[in-house]
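Engineer: Okay, handing you the structure first.
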Amino acid sequence: MSRSTTLVVGAHGVIGGAVVRRLVAEGHHVVTLARRGTVRLEDGIEIEDHVQVDLLDASAARAGLGNRADITEIVYAGYTERETMAATVAPNVAMLRHVLEAVHTSPSELRQVVLIGGGKSYGEHLGVYKTPAKESDPRFLGPIFYNDQEDLLYEDAKRHGYAWTVLRPDAVIGLSFGS
């Protein structure tokens, strides 16, 4: 079996940066991906294997990832803000789709994808919501990009035969410089 390499999308953010720190500390090979340049974390960690690409551009994603033969896992923590919840759906789903399509067209053998979601999946951004919230609860019927991303991931994993999971922290606290 080939060496395991984790692509961390959104590595400049709070969650992506924390994932990178943890994986590097455990000795994993990590490739970071972001719109901005090389990932330099506050504790001196610098990731040399970095792909700088705007994931809203499908051809740029293919150019940045299409020749990689080493991506076995993806931790997807990418996000782009828009003026309304409804406006966030299309660009955030497109970015995930572009990553998946680019990796599928590469020589990489994808085995696992972890999608970072959040508490908005349960409607927490609207105020009081049922707690404890559970994955088996009915979906919050947005518009919310988390649902659309999960649907995309479900169908893509079924088609391409990799495992996947969605993590939904309802609060995230941490460091992120410049994001």
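The values are calculated or read from the model by the stated rules, or taken from the named source; none is laboratory data. If you're wondering where the values come from, they're calculated on a predicted model, not measured in any experiment. Cβ sites come from the backbone with ideal geometry, for glycine too, and all protein chains shown count toward neighbours. All accessible areas refer to the heavy atoms of the entire protein, side chains included, with ligands and DNA or RNA removed. Shrake-Rupley method; radii C 1.70, N 1.55, O 1.52, S 1.80 Å.
Engineer: Consider Gly174 carefully, then state whether it is small (Gly, Ala, Ser) and open to solvent by less than 40 Å² (accessible area, probe 1.4 Å).
Structural biologist: So Gly174 fails the test.
Engineer: When the residues of the range 57-69 are filtered to those that are farther than 18 Å from Val30 by Cβ and within 18 Å of the chain's Cα centre (by Cα), which remaining residue is most open to solvent (accessible area, probe 1.4 Å)?
Structural biologist: So, considering only residues that are farther than 18 Å from Val30 by Cβ and within 18 Å of the chain's Cα centre (by Cα), the one most open to solvent (accessible area, probe 1.4 Å) is Arg62.
Engineer: Please tell me if Glu124 is surrounded by 14 or more Cβ atoms within 10 Å (Cβ to Cβ) and charged (D, E, K, R).
Structural biologist: yes
Engineer: Give me the pairs, please: first residue somewhere in the range 106-127 and at positive phi and acidic (Asp, Glu), second residue anywhere and assigned to a helix (DSSP H, G or I) and open to solvent by 20 Å² or more (accessible area, probe 1.4 Å), beta-carbon distance under 6 Å, and either six or more positions apart or on two chains.
Structural biologist: Within 6 Å, no pair qualifies.
Engineer: Of the residues Thr72, Thr32, which is open to solvent by less than 20 Å² (accessible area, probe 1.4 Å), closer than 17 Å to Ser108 by Cβ and at pLDDT below 95?
Structural biologist: Selected residue: Thr32, the only one of Thr72, Thr32 that is open to solvent by less than 20 Å² (accessible area, probe 1.4 Å), closer than 17 Å to Ser108 by Cβ and at pLDDT below 95.
Engineer: Okay, next question. Filter the range 146-179 down to the residues that are in contact with a Gly (Cβ under 9 Å, 6 or more places away or on another chain) and hydrophobic (A, V, I, L, M, F, W, C), then identify the one that is modelled with the lowest pLDDT.
Structural biologist: Phe177
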